[in-house]
Structures are given as C-alpha cells and as structure tokens.
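**Student:** One structure is given below, represented as structure tokens, and several questions about it will come after.
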Amino acid sequence: MLSLHNLKTAAMPMGMVVGVLLCRPIAALESWSGNTITPALISMMLFFTFCRVDIRQMRPSRMHLWLLLFQLIGAVAVYYACMPFGQVMAQGAMVCVLAPIAMAAVVIGGMLGANIATMATYSLICNFVIAVFAPLMLHAYGNGDCTFGQIAMKIAPLLIMPFVAGQACRHLFRRLTQWISDHSQISFYMWLISLAIVIGRTTCFILDTDADSGVEIRLAAAALVICLIQFAVGRRLGRRYGDTVAGGQSLGQKNTVLAVWMAQQFLDPVSSVAPTAYIVWQNFVNSYQIYKKDREAAKNQI
C-alpha cells in the first residue's frame with residue numbers, strides 16, 4: 001500500500017504529465033467553464049489557508065520591504081539588461097520579475113513549513129503595491145493602456161474574498177476551522193488539480209503561439225534563469241530574517257496567470273511566452289521542494 005509520502009511524490013510529476021497529454025481537453029473544459037475552474041480552486045486553497053491565519057500575527061517586516069524592492073528595481077534592471085536581445089526579450093523578462101506573488105504561494109509555503117502569517121501579510125502587501133506600480137511600468141515599457149483598476153480587478157476577488165471568508169470562519173465556525181486545520185492536506189490535492197489544468201493550458205498556448213521558435217526558446221531560457229534567481233534570492237533574504245521558505249516562495253512563486261494577461265494585453269503578445277514558461281519552471285521547483293520536504297519527514301519518522 002502506498003504511503004502518503006510516496007503518493008505525493010508520484011502525484012506531482014503525474015499531474016504535470018496529465019496536463020501535457022490532455023492539454024486539448026483541459027483547455028476545452030476551462031473554456032467551457034468560462035475560465036472559472038482554476039480561480040475557484042485557488043480561492044478554495046486560499047480559504048483553507050487563511051482559516052489557519054491569525055490576523056493578529058500579520059505584521060509587515062523588513063523582509064517584505066526587501067522583497068518588494070527587489071521586484072520593483074529588478075523588473076526595471078532586467079528590462080534594460082535584456083534590451084540588447086530585443087524588446088520582446090526585455091518585456092518578457094521584465095514581467096517575470098514584476099508579477100506579484102502567486103495566490104497559491106501561501107498554500108505551497110504552508111506545505112513546506114513557512115510561517116503562513118508572514119506569507120499572507122506579504123501576499124496582501126505585494127499584490128496591492130504591484131497593482132499601483134505595474135500600470136506605471138507597463139505604460140513606460142508597453143503600449144501605455146494599462147490602468148490601476150484593470151489590474152486590481154484581476155487581483156482583488158481572488159485574494160480579498162478568501163481572506164475575509166477565512167477570518168470570518170475562524171471567529172464564527174470554530175469547529176469547521178478545526179476540521180479544516182486537521183485536514184489541511186486537502187489543499188495539496190486541490191493544488192495538484194490546478195497544476196494539471198495550468199500545465200495543460202500552458203502546453204496549448206505554446207503549441208498555438210505563432211512566433212519564431214528561436215525567440216520562444218530564448219524567452220523560455222530567460223524565464224528559467226529568472227525563476228531560479230528569484231527563488232535563490234528570496235531564500236537568502238528569508239534565511240536572514242528567520243524564514244527561508246517564506247522568502248523563497250514569496251519572491252519565486254509568481255502569479256503567472258496575471259503575468260501572462262499583462263504581457264498579452266499591454267506588451268508585445270509574443271513576450272507572454274516568458275511568463276508562460278515560468279509556470280512550468282516554478283512548478284518544477286515547487287514539486288522538487290515538496291518531494292524533498294516529504295522525504296525528510298519520512299526519514300525523521302523512521
């Protein structure tokens with residue numbers, strides 16, 4: 001009989017393989033649902049996570065400030081660093097850094113042992129700050145049409161509603177909150193389903209994109225380098241402030257759905273290949289981290 005550790009280890013790569021092999025049916029299902037399946041799963045995962053967050057423990061810290069500065073300054077720096085390779089490369093790289101922390105990062109961080117109050121605080125701060133600054137940067141380096149309201153409407157419903165519902169549940173339905181806390185592993189399986197869906201949509205997008213294959217490869221390679229750098233820098237900052245995992249997930253795991261939308265709407269659409277590839281890279285990193293965490297936990301139980 002498979003242990004929970006072995007089941008998780010096998011399920012993560014299988015989820016990605018299923019997403020690739022069934023990319024067309026998955027994309028069709030998402031389209032039929034009006035692209036509501038993934039947001040619904042993310043909202044449920046966040047609700048489960050926010051039920052475990054005590055709002056009194058949520059405090060901004062210096063780590064949050066450094067993470068934000070890296071995102072804002074780094075996005076501009078990487079744009080100019082990649083300009084010699086063309087504007088499409090520069091825009092694709094920039095949006096991979098500029099994108100705010102993923103909604104699911106708090107969930108994955110919790111699985112990996114991060115302080116979820118620290119991550120929830122950063123998620124709220126980061127998404128608000130990026131909603132303010134992204135229109136300015138997309139105006140300067142894109143087509144100039146982006147507004148605060150457009151980005152805020154993409155962020156607020158998925159972030160604020162689960163947070164409010166989770167806090168209300170903590171105070172009004174204590175037995176339900178305890179049950180959710182005791183069954184927090186459900187978040188993993190919801191993430192697994194959303195992973196298969198996201199990988200499926202990503203595969204379809206890459207297959208259908210009408211762009212030069214050399215440009216696509218360079219954008220994907222840039223996304224890989226940026227992904228690894230952001231996880232590494234985030235973990236180093238997190239280690240300095242006592243929470244390595246929170247730092248790594250906060251900076252490395254991006255809201256790629258928002259990043260792809262920003263690239264397609266306000267930059268050269270081909271540049272969206274970079275955040276699309278980032279989806280794959282960050283999920284490889286997450287899968288490896290969860291595998292490593294579960295392996296260590298299994299060893300400690302022996």
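The values are calculated or read from the model by the stated rules, or taken from the named source; none is laboratory data. Note that the structure is a prediction, hence the values are computed from the model and not measured. Cβ coordinates were reconstructed from backbone atoms using ideal geometry, including for glycine residues, and neighbour counts include every protein chain displayed. All accessible areas refer to the heavy atoms of the entire protein, side chains included, with ligands and DNA or RNA removed. Shrake-Rupley method; radii C 1.70, N 1.55, O 1.52, S 1.80 Å.
**Student:** What ³J(HN,Hα) values, in whole Hz, does the Karplus curve 6.51 cos²θ - 1.76 cosθ + 1.60 give for region 90-102 when θ = phi - 60°, with x put for Gly and Pro?
**Tutor:** Values per residue, Gly and Pro as x: 5, 5, x, 5, 4, 5, 5, 8, 5, 3, x, 4, 5 Hz.
**Student:** With all protein chains present, calculate the accessible area of Trp281 using a 1.4 Å probe and round the result to the nearest 10 Å².
**Tutor:** Answer for Trp281: close to 70 Å² accessible.
**Student:** ³J(HN,Hα) across region 73-88 via Karplus (A = 6.51, B = -1.76, C = 1.60, θ = phi - 60°), whole Hz, x for Gly/Pro?
**Tutor:** 6, x, 4, 5, 4, 6, 4, 6, 5, 9, 4, x, 9, x, 5, 4
**Student:** Would you calculate the separation in nanometres between label points at Ala28 and Ile160, each defined as 7 Å from the Cα along the Cα-to-beta-carbon direction?
**Tutor:** Between Ala28 and Ile160, the simple spin-label model gives 3.8 nm.
**Student:** Further question: Considering only Ala75, Ala220, Ala11, give the residue with the highest GNM mean-square fluctuation for the chain, with springs between Cα atoms whenever their separation is below 10 Å.
**Tutor:** Ala11
**Student:** Can you tell me the relative contact order of the chain? Whole percent, Cα pairs under 8 Å, sequence separation 6 or more.
**Tutor:** Working: 419 pairs, mean separation 93.1, N = 302.
After rounding, I find 31 percent.
**Student:** What FRET efficiency comes out for the pair Tyr189/Arg240, r = Cβ-Cβ distance, R0 = 25 Å, nearest 0.05? Present the calculation step by step, with values, prior to reporting the outcome.
**Tutor:** Working: r = 34 Å, r/R0 = 1.34.
Result of the calculation: an efficiency of 0.15.
**Student:** Got a sec? What order do Phe266, Phe85 fall in by accessible area at 1.4 Å, biggest, i.e. largest, first? Mind showing how you got there, number by number?
**Tutor:** Details: Phe266 5, Phe85 140 Å².
Reading off the accessible areas and sorting them downward yields Phe85, Phe266.
**Student:** Can you give the accessible area of Met89 in Å² (nearest 10), computed on protein heavy atoms with a 1.4 Å probe?
**Tutor:** Here the residue's solvent-accessible area equals roughly 20 Å².
**Student:** Starting from the alpha-carbon convex hull of the chain, give the projected area averaged over all orientations, in nm². Each step should come with its number before you reach the end.
**Tutor:** Working: hull surface 64.5 nm².
That works out to 16.1 nm², a quarter of the Cα hull's surface.
**Student:** If I fit a long axis through the Cα atoms of helix 148-172 and take the longest principal axis of the Cα atoms of the chain, what angle between them do I get, 0 to 90°, rounded to 10?
**Tutor:** 0 degrees
**Student:** If I model a spin label as a point 7 Å beyond the Cα along the Cα-Cβ vector, how far apart are those points for Lys299 and Ile229 in nm?
**Tutor:** 3.2 nm
**Student:** For region 184-302, taking Cα atoms only, what is the radius of gyration to one decimal and the Dmax to the nearest whole Å?
**Tutor:** 16.1, 53
**Student:** For region 120-131, what does the Karplus curve 6.51 cos²θ - 1.76 cosθ + 1.60, with θ = phi - 60°, yield as ³J(HN,Hα) per residue in whole Hz, taken in order and with x for Gly and Pro?
**Tutor:** Going residue by residue, I get 5, 4, 5, 4, 5, 5, 4, 5, 5, 5, 5, 4 Hz, with x marking Gly and Pro.
**Student:** Normalised radius of gyration for region 107-240, please: alpha carbon Rg relative to 2.2 N^0.38 Å, two decimal places.
**Tutor:** Computed over Cα atoms of region 107-240, the ratio equals 1.32.
**Student:** Only Cα pairs within less than 10 Å get springs; with that Gaussian network setup on the chain, which residue of Gly200, Gly34, Gly248 has the largest fluctuation?
**Tutor:** Its mean-square fluctuation being the largest, the pick is Gly34.
**Student:** While we're looking at this one, here's another question. Return the carbon/sulfur percentage of the accessible area of region 175-302, one whole number, probe 1.4 Å, all protein chains in place.
**Tutor:** 58 percent
**Student:** Moving on. If amide hydrogens are placed 1.01 Å from N in the peptide plane, which non-local residues have theirs closer than 5 Å to the one on Lys254?
**Tutor:** Amide H neighbours of Lys254, under 5 Å, 5+ apart: Ala102.
**Student:** Send over a whole-number figure in Å² for the accessible area per residue of region 226-285, probe 1.4 Å.
**Tutor:** Accessible area per residue: 34 Å².
**Student:** As an exercise, take the mean of 1/r over every pair of distinct alpha carbons in region 109-152, invert it, and state the Kirkwood radius in angstroms. Before the final figure, lay out the partial values.
**Tutor:** Working: mean 1/r = 0.0847 Å⁻¹.
Kirkwood hydrodynamic radius for region 109-152: 11.8 Å.
**Student:** Using only Cα atoms, what Kirkwood radius does region 1-128 have, in angstroms?
**Tutor:** Kirkwood hydrodynamic radius for region 1-128: 17.6 Å.
**Student:** At 1.4 Å probe size, with no ligands or nucleic acids counted, give the accessible surface of Ile229 in Å², nearest ten.
**Tutor:** 80 Å²
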